[in-house]
Amino acid sequence: MCPLSFWLFMAHQARKRGVDLNSQPKRHIFSIFAEEVSFLGFPNDPGLKKKWIVAIRRDQGKKFQITKHTKVCSKHFVDSDFFSNYASGRRRLKEHAVPSVFNFPSQRPKVQRPPPKQRCATYVQQLTTQRQGAFTGNGNFDGVCAQDVDLPSSNEPSNEDTEMSSLEQQSSVSSQGCPFCNEAKTAATQNQQLLKAAQNDLKATQNELLRVKMELRKSEELEEELKAAKLKVCKLRGS
């Protein structure tokens with residue numbers, strides 16, 4: 001707790017007791033609450049210190065570092081955390097006590113993340129709605145089908161043959177497929193073919209590189225053999 005927060009807390013408690021802050025010095029205000037409020041340092045035990053950090057809901061980092069000046073107010077402990085009999089007049093904290101009295105806000109409700117946009121499904125739904133509206137219009141079927149569809153014809157068509165139910169309309173629309181899906185499948189197929197061709201080219205390049213390395217190694221071995229032969233000839237001439 002910083003000094004400013006400490007004195008603000010003391011001033012708030014003094015106002016609750018009716019103490020005149022203008023007429024009383026700071027040391028007198030502190031002496032009024034010295035018997036009730038104390039500020040406790042963090043324990044040295046790593047396990048117990050971690051429990052304190054979890055209890056106060058703070059994370060150690062650049063913005064919060066625990067030092068010898070970091071204190072926790074005794075108001076955050078229950079009475080059972082202190083020894084009942086103390087001769088010095090100042091309450092002593094028990095060894096394994098952990099602060100538990102806090103006025104934290106209630107847990108916030110989890111906000112559900114909206115599902116990702118399904119562009120293909122939305123496109124199919126819009127296309128189906130448009131085509132259904134075209135079928136139920138004034139008999140104008142222009143733009144209903146993206147492709148030509150062979151329809152059965154007869155000399156005397158009956159009402160049953162000419163009328164199309166909504167279920168048949170939906171099935172005929174869905175049978176043509178989604179243009180977006182078809183384009184995506186075509187692009188995926190092309191990408192797979194390009195990837196396969198690139199892999200084949202890479203494999204051929206690696207094989208060629210391996211062949212060149214083997215030829216270089218053979219040439220180096222031949223050069224070493226030639227040098228050894230020259231040395232032998234020189235030795236024979238010298239002898």
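Please treat every number below as a calculation from the coordinates, not as lab data. All values reported here derive from a predicted model rather than from experimental measurement. FYI the Cβ positions are ideal-geometry reconstructions off the backbone, even for glycines, and counts take in every protein chain you see.
Some observations on this one:
- By the count of neighbouring beta-carbon atoms within 10 Å, fewest first, R91, R217, R58 end up ordered R217, R58, R91.
- Cross-link check: pairs K49/K110; K51/K110; K51/K75; K68/K94 evaluated at a Cα-Cα cut-off of 28 Å; pairs beyond the cut-off: K49/K110.
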